[in-house]
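As structure tokens, the structure follows; a few thoughts come after it.
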Amino acid sequence: MGANMKIGILTLLQKMKIWRLWLLSVILSVLLSEAVTSAMGLLLKGRVTADYLLTGFVASLFVASLVVGIVVYFLEKLSRSQLLLTSIFDTTAEGIMVADGAGHITMFNRRFAELWRIPADVLATGENDAVLTFVQDQLAEPEQFLDKVQQLYSTPDAISFDTLSFKDKRVFERYSNPLYIHGKLVGRLWRFH
């Protein structure tokens with residue numbers, strides 16, 4: 001379970017072995033530099049010569065190694081930061097879930113699943129509707145709960161606090177607020193305690 005984060009290309013790069021990243025960088029650098037040096041040879045001498053190709057090859061090996069070193073350094077820093085944030089996210093006392101506003105859960109923490117007693121297979125769908133369908137049977141007033149969820153999704157800038165009562169006598173405080181990145185609305189944060 002845990003923090004379910006999707007990062008795309010960064011995740012792919014983080015999973016690559018260093019030698020594969022270096023090899024990919026070398027191949028791309030060699031192809032690019034050989035194309036550039038061939039074009040230079042044709043423009044300057046009217047033909048492609050071995051000295052231009054060799055110079056381009058050596059330069060591309062140097063550049064590829066330098067680029068890989070820089071990329072690996074920043075990927076390691078990013079990985080450490082991501083691990084730290086995931087650890088904090090999963091050890092907080094609040095249950096936290098983030099939805100993208102299009103009906104998809106983009107992340108949640110372990111505590112969220114524990115508080116709501118949501119099975120892993122329901123959370124694995126990543127669908128907000130599947131989670132809402134599952135949890136509504138636990139609530140004393142499921143219609144009121146769903147109405148509030150729909151109201152908040154229809155007014156994305158709204159901030160909300162209320163109390164939820166369960167059939168088994170549990171009571172949660174529910175906080176919800178819009179989530180912005182660089183001033184752009186990207187979803188909604190739900191916190192339960």
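The values are calculated or read from the model by the stated rules, or taken from the named source; none is laboratory data. Predicted model only: the values in this text are computed from it and were never measured. Methodologically, a virtual Cβ is constructed for each residue, glycine included, from the backbone with ideal geometry; neighbour enumeration extends over all protein chains shown. All accessible areas refer to the heavy atoms of the entire protein, side chains included, with ligands and DNA or RNA removed. Shrake-Rupley method; radii C 1.70, N 1.55, O 1.52, S 1.80 Å.
Odds and ends about this structure:
- The set of residues from the range 154-193 being at pLDDT 95 or above and in a loop (DSSP other than H, G, I, E, B) comprises A158, I159, K167, D168, K169, R170.
- Scanning the range 97-109 turns up at least one residue that is in contact (Cβ under 8 Å) with a residue 12 or more places away in the chain, in contact with an Asp or Glu (Cβ under 8 Å, 6 or more places away or on another chain) and among the hydrophobic types (A, V, I, L, M, F, W, C).
Yes/no matrix, rows are residues, columns are (1) among the polar types (S, T, N, Q); (2) surrounded by 16 or more Cβ atoms within 10 Å (Cβ to Cβ); (3) touching a Lys or Arg at 6+ places or on another chain (Cβ under 8 Å):
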{"site": "L31", "(1), (2), (3)": "no, no, no"}
{"site": "G41", "(1), (2), (3)": "no, yes, yes"}
{"site": "F74", "(1), (2), (3)": "no, no, no"}
{"site": "L78", "(1), (2), (3)": "no, no, no"}
{"site": "S87", "(1), (2), (3)": "yes, no, no"}
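- Flag for R80 being closer than 30 Å to R111 by Cα and charged (D, E, K, R): yes
- Residues (under 25 Å from the mean Cα position of the chain (by Cα) and open to solvent by 50 Å² or more (accessible area, probe 1.4 Å)) located in the range 154-183: S154, T155, P156, D157, I159, Y175, L179, Y180, I181, H182, G183
- Candidates V149, V135, V122 - the one that is in contact with a Ser or Thr (Cβ under 9 Å, 6 or more places away or on another chain) and within 17 Å of Y175 (Cβ to Cβ): V149
- Boolean, D162 is under 25 Å from D90 (Cα atoms), among the charged types (D, E, K, R) and out of contact with any Ser or Thr (no Cβ under 8 Å at 6 or more places or on another chain): yes
- Meeting the requirement of 2 or more residues that are more than 27 Å from the chain's Cα centre (by Cα) and of a type outside the set (D, E, K, R), the helices (runs of 4 or more DSSP H) wholly within the range 45-153 are 50-91.
- Residue within the range 96-109 that is on the phi > 0 side of the Ramachandran plot, modelled with pLDDT under 95 and open to solvent by 50 Å² or more (accessible area, probe 1.4 Å) present: yes
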